[in-house]
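Here's the structure, in structure tokens; my notes come after.
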Amino acid sequence: MTVSAPARPAPAGGGRTVLLGTVSSDAHTWNLVYLQLLLEEAGHRVINLGACVPEELFAAECHRHNPDLVVVSSVNGHGCTDGRRLAAVLRADPALAAVPIVIGGKLGVDGRLTGAQVDELFAAGYTAVFDDGADRNRFLEYLCRLELPMAGAAP
């Protein structure tokens, strides 16, 4: 069962609202705890959906929380396959079509992804792909470069 964390007030300093979870087949949680702490240390508000998040729940929680960013993590090696399915659900919803979505972790069962697999994830709608072993600083730099309005801000 996946349970949403209680909503917390947005952090001071202009942090973003980040919706975090794993692909539907991934039951690992340590990666989510690490990512949540990393994002919170960087000043962002994190809604951690937990492990094994069905695509429809990701979409419903996006509508509920209006995140600035969706972060998808996987360590079981099925992130590429399950991640494409998740992106298809989110991108098919006109209200979610422009929300940045990133995916990272062990995304392929054979280890690192091929260039074609990375291209498939971008084609599915991801705005960034962080394959296994990606430097955490690269992820944080991506967040700093992300230019979009804050959740709830007037356009």
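The values are calculated or read from the model by the stated rules, or taken from the named source; none is laboratory data. No experiment lies behind these values; they were computed from the predicted model shown. Because the Cβ atoms are built from the backbone with ideal geometry, glycine has one as well, and the counts that use them run over all protein chains shown. Ligands, DNA and RNA are stripped out before the accessible areas are found, and what is left, the full protein with its side chains, is counted by its heavy atoms. Shrake-Rupley method; radii C 1.70, N 1.55, O 1.52, S 1.80 Å.
Can you give me the Rg/Rh ratio for the range 18-133, using Cα atoms for both radii and the Kirkwood formula for Rh?
0.93
Please give the net charge around residue 53, taking every other residue with its beta carbon less than 9 angstrom from that of residue 53, where Lys and Arg add +1 and Asp and Glu add -1.
-3
In square angstrom, rounded to the nearest 10, how much accessible surface does residue 129 have for a 1.4 Å probe?
It works out to around 10 Å².
Explain nothing, just compute: Karplus ³J(HN,Hα) = 6.51 cos²θ - 1.76 cosθ + 1.60, θ = phi - 60°, for every residue of the range 25-32 in order, whole Hz, x for Gly and Pro.
9, 9, 8, 6, 10, 4, 5, 5
Per DSSP helix of 4 or more residues, -39500 (n - 2.57); summed, then divided by the residues of the chain. What does that give at 222 nm, rounded to the nearest 500?
-11500 deg cm²/dmol
Given a 1.4 Å probe and heavy atoms of the protein chains only, how would you sort 16, 84, largest accessible area at the top?
Numbers: 16 35, 84 80 Å².
I get 84, 16, largest accessible area first.
Remind me, relative contact order of the range 38-106 in percent, using alpha carbon pairs under 8 angstrom and six or more residues apart?
Taking the mean separation of contacting Cα pairs over the length of the range 38-106, I get 39 percent.
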